[in-house]
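See below for the structure under consideration.
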Amino acid sequence: MAMVGDAISHSVLPGIVIAFLISGSRDSVPMLIGAAAVGVLTTILIELLHKKARLQEDASIGVTFTWLFAIGVILITLFTQQVDLDQECVLYGEIAYVPLDLLYTQSGLSLGPRALWISGSLLIIIVAVIVFGFKGLYLTSFNADYAKALGVSTLFWHFTFMSLVSLTTVVSFESVGAILVVALLISPAAAAYLLTGKLKQMLVLASIIGVLSSIGGYYLASIMNGSIAGAMATVSGLLFALCYIYSRFAVAWPKKQTKELSKLKI
Amino acid sequence: MDSLWEFLSFSDPNVRTVTFGTIFLGMSASMVGSFAFLRKRSLIGDAIAHAILPGIAISFMLFQSKNPFILMGGALVSGWIAILLIEHLTKATKLKPDTTIGLVLSVFFGIGILLLTTIQHSGSGNQAGLDEFLFGKAAAMTQNDLIAYSVVAVLLLIVVTVFYKEFKILCFNPDYAETIGLPVKSLRFILSTITVLAIAIGIQSVGVVLMAALLITPSATARSWTESLLVMIIIAGSAGAFSGLVGSYISYTSPNMPTGPWIVMCLSLMAMISLFFAPKRGVLARIRQQRKNREKIVSENLLKAFYHLLENSIDKELSFTKDELNVKRRFPENEFKIALKTLKKNYFIISKGLKLALTSKGFEEAQRVGRLHRLWEMYLTERMHLKADHIHPNAETIEHIITPEIEELLLRELDYPSQDPHSSPIPYKE
């Protein structure tokens with residue numbers, strides 16, 4: 001599923017741009033709707049090309065997301081006057097500007113950065129879905145056939161999950177850009193997966209690694225005077241490398257210990 | 001229209017450079033992409049395209065030059081590291097291939113972006129144009145670039161031509177390639193290297209993000225038109241070249257338009273048209289074929305119903321009502337309609353008041369279906385030694401597929417039998 005996440009993160013671009021053009025504002029709600037619509041369209045198009053046109057799956061994914069992304073970039077250049085987005089923003093995100101875009105109450109009281117509120121609500125939604133839908137997500141992810149046999153609606157959970165992916169992508173889009181969302185979607189989870197075999201532990205570990213990547217990325221970026229999003233992806237890669245090395249040794253250690261123990265017994 | 005002629009006359013040397021450059025790049029990437037496509041490794045191409053970025057940034061930082069060969073060297077190295085990492089991680093950990101591809105892709109790209117922005121902010125003055133690798137800007141191509149890219153493109157063509165046969169075997173059946181003693185490892189290395197090279201030069205025209213399209217989409221287009229690898233490569237190459245032409249024309253008429261997205265747009269439209277409307281392999285053609293097959297099957301079944309009734313009718317009645325036809329086998333309402341329509345169109349049956357009757361042509365056809373069914377049952381018991389109560393369902397499906405040639409073979413093989421295993425007579429033409 002990892003590459004489908006990648007595909008969605010690219011293909012939501014035209015949705016965001018069209019929502020922008022229609023609503024004429026940077027408001028998050030129309031953007032979310034536009035992106036979610038195109039996100040669903042992406043999965044449908046991939047399925048259509050794969051099942052109906054019998055194109056192999058990797059090619060269906062590749063053809064779909066590059067096409068939609070190209071449409072997005074073309075729309076941005078066509079309506080460059082109306083759209084307050086540019087190609088670089090799509091790629092790097094504008095996390096550095098997040099503190100400048102504040103949310104005010106009607107009486108003019110500042111509530112802090114807008115993006116913080118949006119990402120915060122997203123976090124609550126995701127945690128809520130995971131807590132309440134744990135069983136469904138768990139069963140569907142591990143053994144869809146078994147889940148079906150138990151009477152769990154795998155289709156429902158599949159689409160719930162895909163909507164969460166689209167939602168996360170869109171919310172993160174403004175801050176970290178299209179491609180680097182993928183780094184944060186995949187790397188922490190992959191690293192956690194190497195360390196543990198339990199889903200609950202994996203979820204906790206992945207969030208910790210994700211947070212560490214963000215903080216580390218911020219400092220790396222200020223040291224190197226470069227893109228914050230790029231630095232976050234870099235740090236998440238480094239953390240993955242550490243986890244990988246650790247997992248190799250952790251596998252090697254118990255073996256050694258058991259060998260020594262067996263020697264002792266003799 | 002004027003701008004089109006002006007563009008096609010290539011009077012402007014700059015336009016000439018850019019256009020020929022994009023055509024070369026599109027063509028070579030598409031041709032090499034065919035192999036990646038057939039090996040089901042198209043998304044690895046996407047990963048390599050992203051992973052090339054840090055290589056370009058690092059070689060620029062080291063040499064402070066935008067010489068295409070130097071940048072390409074860096075690109076080649078980091079592309080190769082990405083391939084090796086993906087392969088190693090997939091083999092050494094429990095991570096699935098798509099995860100490792102996504103991981104390497106996004107992390108390398110992140111490193112690339114970090115380095116590029118660092119270069120930009122350091123403001124060494126010479127860095128302008130490096131970010132054009134992201135979306136491709138063919139317009140920035142110089143005469144020097146064109147020479148470099150053409151050299152690589154020609155090199156790729158030579159390698160593909162020389163190793164055509166070996167690559168073909170490697171793509172379709174790697175195990176077989178190994179068995180007949182081909183140096184599979186070295187061939188894979190060469191194929192990966194030319195893929196990285198094609199990507200490294202291709203990103204100049206479409207950019208890192210959309211490079212995957214230049215590898216995959218032309219192959220997807222070409223695949224729906226042909227079954228032959230050579231033809232496929234030629235179609236893919238032409239599609240890549242044509243979209244390069246279209247892309248650079250659009251960039252020419254409106255200079256702020258990025259070339260890459262338009263090339264991809266053109267390619268994708270061609271792919272969609274091909275995937276849906278290509279004869280034989282297109283979606284529409286397949287739907288039409290399916291409908292035809294269904295018509296054939298239900299109408300042959302109805303003919304068989306006629307045949308059974310004729311066989312068992314005592315008073316040699318020749319026409320039957322719909323209810324009578326439905327006795328032995330229930331035809332759903334819509335199937336009955338389809339069968340009736342098809343059979344009437346071919347003058348196999350005619351209406352006689354409320355009853356339906358076979359024409360002599362229809363009788364022959366009904367006899368043929370009955371004969372095939374019983375011949376096949378005979379074959380299954382005689383040659384496959386199946387029990388008589390196991391053979392009917394199989395014969396039900398195969399009777400619609402047997403061609404006159406196979407029928408002839410069956411007849412000879414079984415020596416023109418007169419009865420089937422259920423002791424029903426096997427009908428022959430008089």
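Across region B:260-281, what is the total count of residues that are touching a Leu at 6+ places or on another chain (Cβ under 8 Å) and more than 12 Å from residue B:250 (Cα to Cα)? Lay out the reasoning, then the answer.
Filtering region B:260-281 for residues touching a Leu at 6+ places or on another chain (Cβ under 8 Å) gives B:260-261, B:263-264, B:267, B:275-277.
Restricting the remaining residues to those that are more than 12 Å from residue B:250 (Cα to Cα) gives B:264, B:267, B:275-277.
The number of residues fulfilling the criteria is 5.
Is region A:158-177 home to any residue that is within 12 Å of another protein chain (Cβ to nearest Cβ) and either surrounded by fewer than 16 Cβ atoms within 10 Å (Cβ to Cβ) or under 30 Å from residue A:113 (Cβ atoms) (or both)? It would help to see each step written out before you state the result.
Restricting attention to region A:158-177, the residues satisfying the condition of being within 12 Å of another protein chain (Cβ to nearest Cβ) are A:176-177.
Add one more test, that the residue is either surrounded by fewer than 16 Cβ atoms within 10 Å (Cβ to Cβ) or under 30 Å from residue A:113 (Cβ atoms) (or both), and what stays is A:176-177.
There is at least one residue in region A:158-177 that is within 12 Å of another protein chain (Cβ to nearest Cβ) and either surrounded by fewer than 16 Cβ atoms within 10 Å (Cβ to Cβ) or under 30 Å from residue A:113 (Cβ atoms) (or both).
In region B:207-233, what residues are out of contact with any Ser or Thr (no Cβ under 9 Å at 6 or more places or on another chain) and within 19 Å of residue B:165 (Cβ to Cβ)?
B:226, B:227, B:228, B:230, B:231
Is it the case that some residue within region A:209-217 is without any contact (Cβ under 8 Å) to a residue 60 or more places away in the chain, more than 29 Å from residue A:128 (Cα to Cα), in a helix (DSSP H, G or I) and within 12 Å of another protein chain (Cβ to nearest Cβ)? Steps first, please.
Start the filter on region A:209-217 by keeping residues that are without any contact (Cβ under 8 Å) to a residue 60 or more places away in the chain, which leaves A:209-217.
Of the ones still in play, those that are also more than 29 Å from residue A:128 (Cα to Cα) are none.
No: zero hits.
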Just the residues that are touching a residue at least 24 places away in the same chain (Cβ under 8 Å) and open to solvent by less than 60 Å² (accessible area, probe 1.4 Å), please, taken from region B:342-367. B:342, B:343, B:348, B:349, B:356, B:357, B:358, B:362, B:365, B:366, B:367
Restricted to region A:178-203, and to residues that are polar (S, T, N, Q) and surrounded by fewer than 24 Cβ atoms within 10 Å (Cβ to Cβ), which residue is nearest to the other protein chains (Cβ to nearest Cβ)? A:196
Out of B:255, B:261, which single residue is crowded, with 21+ Cβ neighbours inside 10 Å and under 25 Å from residue A:78 (Cα atoms)? B:261
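Please specify each residue of region A:139-153 satisfying the condition of being more than 18 Å from residue A:5 (Cα to Cα) and in a helix (DSSP H, G or I).
If the condition is that a residue be more than 18 Å from residue A:5 (Cα to Cα) and in a helix (DSSP H, G or I), then A:139, A:144, A:145, A:146, A:147, A:148, A:149 are the ones that fit.
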Just a yes or no: is a residue in region B:286-306 open to solvent by less than 80 Å² (accessible area, probe 1.4 Å) and either over 26 Å from residue B:399 (Cβ atoms) or within 12 Å of chain A (Cβ to nearest Cβ) (or both)? yes
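Filter region B:73-98 down to the residues that are free of Cβ contacts under 8 Å to residues at least 24 places away in the same chain, open to solvent by 30 Å² or more (accessible area, probe 1.4 Å) and either away from chain A (no Cβ under 14 Å) or closer than 16 Å to residue A:241 by Cβ (or both) and list them by number.
So the first thing to find is which residues in region B:73-98 are free of Cβ contacts under 8 Å to residues at least 24 places away in the same chain, and the list is B:73-74, B:77, B:84-85, B:87-97.
Still in the running and open to solvent by 30 Å² or more (accessible area, probe 1.4 Å): B:73, B:77, B:84-85, B:87-88, B:90-92, B:94, B:96-97.
Within region B:73-98, B:73, B:77, B:84, B:85, B:87, B:88, B:90, B:92 qualify.
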Quick test of your reading of the structure: residue B:204 fulfils all but one of (1) at pLDDT below 90; (2) open to solvent by less than 10 Å² (accessible area, probe 1.4 Å); (3) away from every other protein chain (no Cβ under 11 Å). Name the failing condition by number. (2)
In region A:142-157, what count of residues is obtained for those that are open to solvent by 90 Å² or more (accessible area, probe 1.4 Å) and either closer than 22 Å to residue A:40 by Cα or touching a His at 6+ places or on another chain (Cβ under 7 Å) (or both)? 2
With the first residue restricted to region A:40-64 and required to be more than 8 Å from chain B (Cβ to nearest Cβ), and the second required to be of a type in the set (Phe, Trp, Tyr) and surrounded by 24 or more Cβ atoms within 10 Å (Cβ to Cβ), Cβ contacts under 7 Å at 6 or more apart or on different chains are A:42/A:65
Selected residue (only one of B:109, B:135 is at pLDDT below 80, under 30 Å from the mean Cα position of the chain (by Cα), buried (at least 22 other Cβ atoms within 10 Å of the Cβ) and not aliphatic (A, V, I, L, M)): B:135
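Could you tell me whether any residue of region B:226-240 is touching a strand residue (DSSP E or B) at 6+ places or on another chain (Cβ under 7 Å), touching a residue at least 40 places away in the same chain (Cβ under 8 Å) and more than 9 Å from chain A (Cβ to nearest Cβ)?
No, the conditions are met nowhere in region B:226-240.
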Does residue A:77 count as open to solvent by less than 40 Å² (accessible area, probe 1.4 Å), more than 8 Å from chain B (Cβ to nearest Cβ) and at pLDDT 65 or above? no
Taking residue B:275 and the conditions (1) open to solvent by 20 Å² or more (accessible area, probe 1.4 Å); (2) in contact (Cβ under 8 Å) with a residue 40 or more places away in the chain; (3) under 30 Å from residue A:61 (Cα atoms), which numbered condition does it fall short on, given that it satisfies the others? (1)
Region B:371-387 residues that are farther than 14 Å from residue B:400 by Cβ, paired with ones that are small (Gly, Ala, Ser) and outside any helix (DSSP H, G or I) (beta carbon under 8 Å, 6 or more apart): B:374/B:424
On the basis of being in a helix (DSSP H, G or I) and closer than 18 Å to residue A:6 by Cβ, does residue A:229 make the cut? yes
Specify the residue that is nearest to residue A:156 (Cα to Cα); the eligible residues are those in region A:115-140 that are touching a residue at least 24 places away in the same chain (Cβ under 8 Å) and open to solvent by 70 Å² or more (accessible area, probe 1.4 Å). A:138
May I ask you to verify whether residue B:102 is over 26 Å from residue A:250 (Cβ atoms) and within 28 Å of the chain's Cα centre (by Cα)? no
Would a scan of region B:179-189 turn up a residue that is under 27 Å from the mean Cα position of the chain (by Cα), without any contact (Cβ under 8 Å) to a residue 24 or more places away in the chain and not in a helix (DSSP H, G or I)? yes
Return yes or no: is residue B:373 within 37 Å of the chain's Cα centre (by Cα), assigned to a helix (DSSP H, G or I) and surrounded by 14 or more Cβ atoms within 10 Å (Cβ to Cβ)? yes
Applying the selection to region B:190-228, what residues are over 25 Å from residue B:17 (Cα atoms), touching a Leu at 6+ places or on another chain (Cβ under 6 Å) and assigned to a loop (DSSP other than H, G, I, E, B)? B:224
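Can you find a residue that is in a loop (DSSP other than H, G, I, E, B), within 34 Å of the chain's Cα centre (by Cα) and either at pLDDT 85 or above or within 12 Å of another protein chain (Cβ to nearest Cβ) (or both) anywhere in region B:120-131?
Our first condition is that a residue be in a loop (DSSP other than H, G, I, E, B); within region B:120-131, this holds for B:123-131.
Checking which are within 34 Å of the chain's Cα centre (by Cα) leaves us with B:131.
Then drop every residue that is not either at pLDDT 85 or above or within 12 Å of another protein chain (Cβ to nearest Cβ) (or both), which leaves B:131.
Yes, region B:120-131 contains a residue that is in a loop (DSSP other than H, G, I, E, B), within 34 Å of the chain's Cα centre (by Cα) and either at pLDDT 85 or above or within 12 Å of another protein chain (Cβ to nearest Cβ) (or both).
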Go through (1) touching a residue at least 12 places away in the same chain (Cβ under 8 Å); (2) open to solvent by 50 Å² or more (accessible area, probe 1.4 Å); (3) part of a helix (DSSP H, G or I); (4) within 30 Å of residue B:241 (Cα to Cα) for residue B:43 and report which single condition fails. (2)
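The values are calculated or read from the model by the stated rules, or taken from the named source; none is laboratory data. For clarity, every value in this text was computed on a predicted model and none was experimentally measured. All Cβ positions, glycine included, derive from the backbone under ideal geometry; neighbour counts span all protein chains shown. Remember, those area values only see protein heavy atoms, side chains included, never the ligands or the DNA or RNA. Shrake-Rupley method; radii C 1.70, N 1.55, O 1.52, S 1.80 Å.
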